[in-house]
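Have a look at the structure below before the remarks.
The values are calculated or read from the model by the stated rules, or taken from the named source; none is laboratory data. Just so you know, these numbers come straight off a predicted model, no measurement behind them. Note: ideal-geometry Cβ built from the backbone for every residue, glycine included; neighbour counts use all protein chains shown.
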Amino acid sequence: MSTVAAYAASSAKAPLERTTIERRPVGASDVRIDIRFAGICHSDIHQAREGWGEAIFPMVPGHEIAGIVAEVGSGVTRYAVGDRVGVGCFVDSCRECEYCERGLEQYCVQGMTGTYNALDRSGEPTYGGYSTAIVVDENYVVRIPDSLPLDAAAPLLCAGITVYSPLRHWNAGPGSRVAVLGMGGLGHMAVKIAHAMGAEVTVLSQSLRKKDDGLRLGADRYRATSDPATFQELKGSFDLLLSTVSAPLDFDAYLELLKTDGALVNVGAPEDPVSLNLFSLMLGRRSLAGSAIGGIAETQEMLDFCAEHGLGAEIEVIRAEEINQAYERILASDVRYRFVIDTATI
């Protein structure tokens, strides 16, 4: 075991504070990573504050991890000391079910093991990236291409793959019309990636406050959802509508924006239930779907795609002591577009 510095929440009501945690010894198939940067995802707030249900405390959040390999186990073949690597939302899965065998570990029948707020195979709680080091099985580590800065790459391990996977699955590309709902940590990466895939991209945001950013990042159009004319003028316009917001939506109104056979795919995770009139689906043969991150192979594919197209997250790097302030700013939509912790300050 080794002791490393971290920031943890002791309970759902508590602020995150500096502490120390224990990391397991490096096993034969393990990689020890010196964490350089950790992105702050909105889901970190949901879990640290028990917005999604009962959680495990103390909790060290963070599943957007970028760092350098510091040690490898005797059986490791994929990585060497000094490699630039990342860890995303999970660090294990059953490895035997049909989904794990297909590279869809995020849909593991037995449930993937979260990078934090989960129990590992030994029954010990997992701790995430708001720390200085982590030990992970090599099969759940990805390589960060040299052309991607580590700080801008960290959010790709959740925000990037969360939007890349549905864009790829629902065939975003030349000739398709994609709408991105929400221009935040997920949404800004969806705009970048959909544009790089060749799709025509429209941002749907509550206001036009971020219009200049949206157009700069690759959007062809930017419309305000607070304007009723948006829903009238864009009715039946889109093949794919990707919702990145964490608030309940009027799904009936947004489904009307889809073409026949279009899909509204939700990657945001509201804490409260939503309602739906099934006629909105039936009358246009439309689909309402969800998507959860991506498997390890697809995450590597996403990183390579982003490197090829020069895509990183738009970030604000912060010191560790600013984490609690960053949480409040995220809830106030006061970040453009992802906070990243410089873990050297932990």
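Below, the figures for the structure above:
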{"quantity": "Looking only at the range 191-223, and only at residues there that are β-branched (V, I, T) and in contact with a Phe, Trp or Tyr (Cβ under 6 Å, 6 or more places away or on another chain), the one that is farthest from G173 (Cα to Cα)", "calculated": "V203"}
{"quantity": "Residue match in the range 235-256 (condition: on the phi > 0 side of the Ramachandran plot and not small (G, A, S))", "calculated": "no"}
{"quantity": "Strands (runs of 3 or more DSSP E) enclosed by the range 256-346 - at least 1 residues per element that are touching a residue at least 12 places away in the same chain (Cβ under 8 Å), touching a Phe, Trp or Tyr at 6+ places or on another chain (Cβ under 9 Å) and among the basic types (K, R)", "calculated": "258-266"}
{"quantity": "Residues satisfying the stated conditions in the range 69-90, i.e. under 18 Å from P155 (Cβ atoms) and hydrophobic (A, V, I, L, M, F, W, C)", "calculated": "V85, V87, C89, F90"}
{"quantity": "Any hit, the range 53-66, residues being on the phi > 0 side of the Ramachandran plot and either polar (S, T, N, Q) or modelled with pLDDT of 95 or more (or both)", "calculated": "yes"}
{"quantity": "Qualifying residue in the range 139-149 (condition: touching a Phe, Trp or Tyr at 6+ places or on another chain (Cβ under 6 Å) and closer than 26 Å to L311 by Cβ)", "calculated": "no"}
{"quantity": "Selection within the range 16-53 - hydroxyl-bearing (S, T, Y) and either out of contact with any Cys (no Cβ under 8 Å at 6 or more places or on another chain) or within 16 Å of T3 (Cα to Cα) (or both)", "calculated": "T19, T20, S29"}
